[in-house]
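> The structure under discussion is supplied below as structure tokens; questions concerning it will follow.
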Amino acid sequence: MEKTKLTQEQLITKQLEVLQDTVDYYSKDTSRRAIDEEGGCRYLTSDGRMCAVGRCLTSESIQDVLDYEQEQKTSIAAIEAFKYGGGKLKSEYSDLQECFNFWMALQCIHDHEDYWNKRGLSKWGIEHVEDVKQNIKKGYYV
């Protein structure tokens, strides 16, 4: 049986939920961000931290993404890998599989050092998250 596609309104609601969950997760402990020694994002760090998109991928996708990241030398490997078929989202996120611009916006929040401080989102981070929320509500990422 084929899964029913979400309406635009449902996709917007789901994107807002994922955004809030991601912000809450990293704000609770900013050391959870998957940032390497050079300040770059990694899908999965040696100590098990994951990027914003990485947290949403299936465990089966881990090796595909890591291989792609190593081969392409890119910090957006998780997004590119599932965009091109190498990575799949966990079932609770699967309705957003093709919302690439949403995942890019979410990953940008994770990656940008100026958006975070030790307490969570910085002033710039709060402003950027609000901008992303407004874009979600306008349907930009659907």
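The values are calculated or read from the model by the stated rules, or taken from the named source; none is laboratory data. Predicted, not measured: the structure shown is a model, and the values here were computed from it. In this analysis, Cβ positions are derived from the backbone assuming ideal geometry, glycine residues included, and neighbour counts consider all displayed protein chains.
Listed here are the residues, each with its yes/no results for (1) modelled with pLDDT under 95; (2) of a type in the set (Lys, Arg).
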{"site": "Leu11", "(1), (2)": "no, no"}
{"site": "Asp21", "(1), (2)": "no, no"}
{"site": "Asp29", "(1), (2)": "no, no"}
{"site": "Arg49", "(1), (2)": "yes, yes"}
{"site": "Gly54", "(1), (2)": "yes, no"}
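> Could I ask something else about it? Restricting attention to the range 1-53, report how many residues are of a type in the set (Val, Ile, Thr), buried (at least 19 other Cβ atoms within 10 Å of the Cβ) and over 17 Å from Lys90 (Cβ atoms).
3
> Kindly provide the set of residues from the range 1-30 that are outside any loop (DSSP other than H, G, I, E, B), over 16 Å from Ile109 (Cβ atoms) and not charged (D, E, K, R), ordered by number.
Scanning the range 1-30 gives Gln8, Gln10, Leu11, Ile12, Thr13.
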